[in-house]
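Here, each number is a calculation from the coordinates, and none is a lab measurement. Just so it is clear, the model here is predicted, and its values are computed rather than measured. In this analysis, Cβ positions are derived from the backbone assuming ideal geometry, glycine residues included, and neighbour counts consider all displayed protein chains.
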């Protein structure tokens, strides 16, 4: 019986991997070549601060009207089909291989000129419910790729909040106000703040506000996907 188990395990290692999206042969990758080629990217001209599409790559009206606390946003993809399915596979399907893939995708867009990586924290109640923090899993991979420190301890989600996706857009800033705390001196630090999806930017902006209060000099929001209005 033991020999049969070893043979089965050996043979399974020789079988091709299945694409997460279409189940075709993907070799040793998460996606097959065709699905990978179909992933939606951001527009070539977009606001350098929040990544919404603009005509000439200038800052958008929203950022001009009320300047965010973060300096720029870097996203690997547009949050649209099938990227939404990939991220759901991580958050709700617990497929942690997706975090490894997303982290490597993001690392290819970044330079190692920052000093510290901070994943957007989950409240302890949400962390117990989900079992892991998807942003921290992505951050871990980026840290390994860029040889940067990942700080998972000094920025906390201090109070539970409603899920942002369940709220009207105009209520999301109020929902997360005062939801974060920091217990480190970040004087002069250039920070990569990691999350999975950015929609209105209310959550990352509130976290960035707290980091700036603790003297962070520069904050770059790094997200797997940016949700945009159609």
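Remark: the Cα gyration tensor places segment 75-190 in the oblate category, a/c being 1.5 or greater and a/b not exceeding b/c.
Between the Cα long axis of helix 134-146 and the first principal axis of the chain there is an angle of about 80°, rounded to the nearest 10. Under a crude label model (7 Å from the Cα following the beta-carbon direction), how far is residue 85 from residue 38 in nanometres? A separation of 0.7 nm, rounded to one decimal place.
At q = 0.08, 0.09 Å⁻¹ the log10 of I(q)/I(0) for the chain amounts to -0.32, -0.40, computed by Debye summation with a single uniform scatterer per C-alpha, solvent ignored. Cα centroid separation, segment 142-157 to segment 51-71: 27 Å. Applying 0.36 nm per residue to the separation of residue 217 and residue 55 and subtracting their alpha-carbon distance, the gain on full extension is 55.4 nm.
A Förster radius of 41 Å, combined with the Cβ-Cβ distance separating residue 67 from residue 165, puts the computed FRET efficiency at roughly 0.95. Between residue 129 and residue 147, the modelled labels are 4.1 nm apart [label points 7 Å from Cα along Cα→Cβ].
Extending 7 Å from the Cα toward the beta-carbon at both residue 181 and residue 111 defines two label points whose distance is 3.8 nm.
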